[in-house]
Amino acid sequence: MATDRRPDDMTRITTPELADVFIEEQIAALKGQIGDKKVLLALSGGVDSSVVAALLIKAVGDQLVCVHVNHGLLRKGEPEQVIEVFRNQMKANLIYVDATDRFLDKLAGVTDPETKRKIIGGEFIEVFAEEARKLDGIEFLAQGTIWPDILESEKGIKAHHNAGGLPEDMKFELVEPVKILFKDEVRIVGERLGLPANMVYRQPFPGPGLGVRCPGAITRDRLEAVREADAILREEFAKNGLEGKVWQYFTVVPDFKSTGIKNGERSFEWPVIIRAVNTTDAMTAEVEAIPFDLMKHLVARITSEVKGVNRVLYDFTPKPSATIEYE
Ligand code: XMP
């Protein structure tokens, strides 16, 4: 089996060649650990779980069963990309569960941010456990744990979010092939495994997804507005060379309406708030100076293309005093 801890003298993986060596070693280790048994993986489409999936597909092929739970709070195009990359291109054994209604029904009317997070996390485990119970002969559970997760849980900064959460009676042996890697190393390994650049180099996206960008009680129409506005922002940032340069950028649609004019008539609709920040560790953050012409273009597109929106605001607040997310 692979080493449990990152050796002190391990060379940082900074080149394709070093990534290839790691990949070959891991494939051999995974084959040794798993043999002819089956492995289960919750595949979110995030960097870490995607790289784990790609490694396992190379090592054990269709002995890997990936479950992609769409909680209805993903960004535009995300579930489609997971299906395209893993099922169509990499021929993975992928179970896609559209649990949107389950999540949104449970979240209906819930305004407290931490309660929203708990509902999303708890429901996620339930849906995943239900899928796992339908499968026979699974002995292993793969996880995208990375080295900083282990360091932070050892220091007591945060609970190791990956391990655990599943019901007591579900016992699997863990498979964690990227657990000695730092994030930048995971990205290089992912690129060498053939994952698309926009998947490997994507900006951070919180587990509760667009749910925390729809402050207060989530409604389907406001969620749709935040999803569409976010897609426009990402498209424009990519076109204007800001993708990969700005650390995190997204939209928020708060739960209030204001008066405006559309097509010569009074409108009463939501604003979209744009947030774009730079940071190294997410503990503090500075606001990106978006070029004014791009800002005007974003306002024009969002107010004309996103249903229910008549205003666009830019959040100029660094962290602190604000946090990056709104909830
Ligand atoms: P804040 O809002 O605390 O965010 O300044 C710092 C970073 O953490 C991300 N974030 C989350 N990630 N689950 C996650 O997986 C969460 O509940 C969560 N809340 C915040 C946020 O997107 C930012 O990158």
Out of (1) at pLDDT below 95; (2) buried (at least 17 other Cβ atoms within 10 Å of the Cβ), the one LEU141 does not meet is (1)
Result of the Cβ filter at 7 Å on the range 147-160, keeping first residues that are modelled with pLDDT under 90 and partners that are acidic (Asp, Glu), at least 6 apart or interchain, is LYS158/GLU152; HIS160/ASP149
Take ILE218 and decide whether it is within 20 Å of the chain's Cα centre (by Cα) and either part of a helix (DSSP H, G or I) or polar (S, T, N, Q) (or both). no
Original post:
Do we have VAL226 as more than 30 Å from LYS31 (Cβ to Cβ) and either outside any loop (DSSP other than H, G, I, E, B) or of a type in the set (Gly, Ala, Ser) (or both) here?
Top reply: yes
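Looking only at the range 291-325, count how many residues are within 16 Å of the ligand (Cβ to nearest atom) and either at pLDDT below 95 or not aliphatic (A, V, I, L, M) (or both).
The initial filter retains those residues of the range 291-325 that are within 16 Å of the ligand (Cβ to nearest atom), namely 315-325.
Within this subset, residues satisfying the condition of being either at pLDDT below 95 or not aliphatic (A, V, I, L, M) (or both) are 315-321, 323, 325.
Looking only at that region, the number is 9.
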THR251 fails exactly one of (1) among the hydroxyl-bearing types (Ser, Thr, Tyr); (2) away from the ligand (no atom under 16 Å from the Cβ); (3) buried (at least 16 other Cβ atoms within 10 Å of the Cβ), namely (2)
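Here is a yes/no grid of residues against (1) farther than 23 Å from THR323 by Cβ; (2) in contact with a Gly (Cβ under 8 Å, 6 or more places away or on another chain):
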{"site": "ILE57", "(1), (2)": "yes, no"}
{"site": "HIS71", "(1), (2)": "no, yes"}
{"site": "ALA99", "(1), (2)": "yes, yes"}
{"site": "ALA108", "(1), (2)": "yes, no"}
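For the range 10-117, which strands (runs of 3 or more DSSP E) that fit wholly inside it have 1 or more residues that are within 24 Å of the chain's Cα centre (by Cα), surrounded by fewer than 17 Cβ atoms within 10 Å (Cβ to Cβ) and among the aliphatic types (A, V, I, L, M)?
Numbers: elements: 38-42, 64-70, 93-98.
Where strands (runs of 3 or more DSSP E) fall fully within the range 10-117 and carry at least 1 residues being within 24 Å of the chain's Cα centre (by Cα), surrounded by fewer than 17 Cβ atoms within 10 Å (Cβ to Cβ) and among the aliphatic types (A, V, I, L, M), they are 93-98.
Quick check on this structure: which one of ARG213, ARG222, ARG266, ARG227 is within 12 Å of the ligand (Cβ to nearest atom) and either more than 27 Å from VAL178 (Cβ to Cβ) or at pLDDT 95 or above (or both)? Even if it seems obvious, please write down each step before you answer.
On the way: ARG222 fails: within 12 Å of the ligand (Cβ to nearest atom); ARG266 fails: within 12 Å of the ligand (Cβ to nearest atom); ARG227 fails: within 12 Å of the ligand (Cβ to nearest atom).
Just a single option satisfies the conditions, and that option is ARG213.
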Taking the range 199-208 and the residues there that are within 9 Å of the ligand (Cβ to nearest atom) and of a type outside the set (S, T, N, Q), the one that is surrounded by the fewest Cβ atoms within 10 Å (Cβ to Cβ) would be PRO204
Condition met for ASP221 (closer than 24 Å to GLY209 by Cα and surrounded by 17 or more Cβ atoms within 10 Å (Cβ to Cβ)) = no
Listed by first then second residue, the pairs whose first member lies in the range 169-191 and is touching a residue at least 24 places away in the same chain (Cβ under 8 Å), whose partner is among the hydroxyl-bearing types (Ser, Thr, Tyr) and surrounded by 22 or more Cβ atoms within 10 Å (Cβ to Cβ), with beta carbons under 9 Å and at least 6 positions apart or on separate chains, are LEU174/THR145; GLU176/THR145; VAL178/THR145; LYS179/THR145; GLY190/SER50
Exactly one of ILE180, ILE188, ILE157, ILE120 is assigned to a helix (DSSP H, G or I), over 30 Å from ASP221 (Cβ atoms) and either within 16 Å of the ligand (Cβ to nearest atom) or out of contact with any strand residue (DSSP E or B) (no Cβ under 7 Å at 6 or more places or on another chain) (or both), and that residue is ILE188
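The values are calculated or read from the model by the stated rules, or taken from the named source; none is laboratory data. Keep in mind that this is a model prediction, so the values were computed, not measured. Neighbour counts are summed over all protein chains in view; Cβ atoms, including those assigned to glycine, are modelled from backbone coordinates with ideal geometry.
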